[in-house]
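The values are calculated or read from the model by the stated rules, or taken from the named source; none is laboratory data. Everything numeric in this text was worked out from a predicted model, so none of it was measured. Counting neighbours? That spans all protein chains shown, and the Cβs are built from the backbone with ideal geometry, glycine included. Calculation scope for accessible area: heavy atoms of the full protein, side chains included, ligands and nucleic acids excluded. Shrake-Rupley method; radii C 1.70, N 1.55, O 1.52, S 1.80 Å.
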Amino acid sequence: MSQTVLDELDHRLIKILSKDARISNRRIANDLDVTEGTVRGRIKRLQQEGMIAFTAITSFGLVDNSRLAFIGVQAEMDKTKAIADKIAKLPSVNAVMITMGRFNILAFGLFNELDKLHEVASDQILAIPGVHHVETSLAVKTVKYNARIVKITDAHPPINGG
Amino acid sequence: MSDDFAVDEIDMSIVEQLRSNGRATNQQIADRLDLTAATVSARIRRMEDANKLRVVAVSDFSAHGYNVLMEIAIEVEGRAASEVVKELAEFPEVFAAHLVTGRYDIDMLVALHDFDDLSDLLLNKFSSVKGIRSLIPAIAADVIKYEFDVAPIEAKEAV
């Protein structure tokens, strides 16, 4: 975990940008009563330190009726990292974490068909050497979801904002 | 989610550009896609107004001091799972809560500042929720990939 300490101005800046990333530096500077240069510099620093990233979030069902699926994987301990890296490369998998608990690896993906989930879980992941067991579960209803606070990983580097 | 809002390939190509850089200007996007800046602007606004798109800064858990991340599966007993999940979702430590199929009834993503917060969460918060038969945690040791760019979108807040 990063040791970066954010101050109050950083948090106010993040709050504004988490509602709308396309607001101009000038307007943010006005709202926060600082110079545009300060806003630009802060944004750049926060991006470089992996604290923020600018992205588009689309609604469930914009293109198809995707459902969130959980894929729990039990794998040989000494191969866990390598297997997790392989699973992370699958295009329909949105998130992968190495965990301590009932699974070694927990993966999340969005699927618009059960066939596709089955293919990823039972054909692709189960076929990776060292994987012992795969369990799936589907989100039927999402009651809470915070898409603004995430894990910014190297696999998804923040790209310089304009 | 079955409303009649439709997107075409141009909309999706604009969304792709915004996903990789949400701060790209309309002109930069227009140049890359061979469109006009006015078209880009109008299409973004249309999707935003329909609550289908938000272009935002996402921030890291650690930016907010959250250093422990765990997934918790819950078995419910003697109460409707949909009621239990609603109560659990009220706790600020719960970042995501879903009703799920399978062996467990609820799946949650929980973030804590550190492990010291665990006793308060268990003894003072989760223990007050009726109907939890068991909590089965998986503590995240390492996050390899985290690309949730699809989410339920709340109505736009007044600025």
Interchain or sequence-distant (5+) residues whose placed amide H lies within less than 5 Å of the amide H of B:Phe91 are none
Stokes-Einstein D for region A:8-48 at 20 °C, 1.002 mPa s, Kirkwood Rh over Cα pairs, in µm²/s? 215
Check the straight Cα-Cα distances from A:Lys44 and name the lysines below 17 Å, setting aside those fewer than 8 residues away within the same chain. A:Lys15
Shielded residues, region B:117-144 - accessible-area loss of 40 Å² or more between chain alone and all protein chains, probe 1.4 Å: B:Ala138, B:Ile139, B:Asp142, B:Val143, B:Ile144
Heavy-atom accessible area per residue - region A:1-124, 1.4 Å, Å²: 49
Need the C-alpha centroid separation for region A:14-36 versus region B:23-53, integer Å. 20
In degrees, nearest ten, helix B:37-49 long axis to first principal axis of chain B (Cα): 30
Remind me, what semi-axes does region A:1-114 give for its equivalent ellipsoid, largest first in whole Å, using sqrt of 5 times each Cα gyration tensor eigenvalue? 37, 20, 10
Of B:Met70, B:Gln28, B:Val84, which is farthest towards the positive pole of chain B's charge dipole, taken about the Cα centre with +1 and -1 on the beta-carbons of Lys, Arg and Asp, Glu respectively? B:Gln28
From phi via Karplus (6.51, -1.76, 1.60), per-residue ³J(HN,Hα) for region A:92-102 in Hz, x at Gly/Pro: 8, 9, 8, 8, 9, 10, 8, 10, 10, x, 6
List the lysines whose Cα sits under 22 Å from the Cα of B:Lys130, skipping any in the same chain fewer than 8 residues away. A:Lys141, A:Lys144, B:Lys86
Quote the charge dipole size of region B:61-139 about the Cα centre in Debye, to the nearest 20; the model charges only the Cβ of Lys and Arg (+1) and of Asp and Glu (-1). 260
Extent along principal axes [Cα atoms of region B:1-147; Å; largest to smallest]: 57, 35, 22
What's the magnitude of the charge dipole for region B:9-49 around its Cα centre, counting Lys and Arg as +1 and Asp and Glu as -1 at the beta-carbon? Answer in Debye, nearest 20. 140
Using a Gaussian network model of chain A whose springs link C-alpha atoms within less than 10 Å, name the residue from A:Val143, A:Val96, A:Val73 with the highest mean-square fluctuation. A:Val143
Hey, what's region B:57-159 come to in accessible area per residue, 1.4 Å probe, Å²? 44
Per DSSP helix of 4 or more residues, -39500 (n - 2.57); summed, then divided by the residues of the protein assembly as shown. What does that give at 222 nm, rounded to the nearest 500? -8000 deg cm²/dmol
Here P(r) for region B:61-139, Cα-Cα distances in 10 Å bins, as whole percents, is 19, 57, 22, 3
Region A:1-151, accessible surface, carbon-and-sulfur percent (1.4 angstrom probe): 50
Starting from the Kirkwood radius over alpha-carbon pairs of the protein assembly as shown, derive D by Stokes-Einstein at 37 °C in a medium of 0.692 mPa s and give it in µm² s⁻¹. 158
Sorted from largest down, give the three principal axis spans of the alpha carbons of region B:106-148, whole angstrom values. 34, 24, 16
Any DSSP H helix in chain A with Cα axial reach of 15 Å or more and mean Kyte-Doolittle score of at least -1.0? Listed by number, the hits are A:8-19
For region A:67-138, size of Cβ-based charge dipole, Lys and Arg +1, Asp and Glu -1, in debye: 200
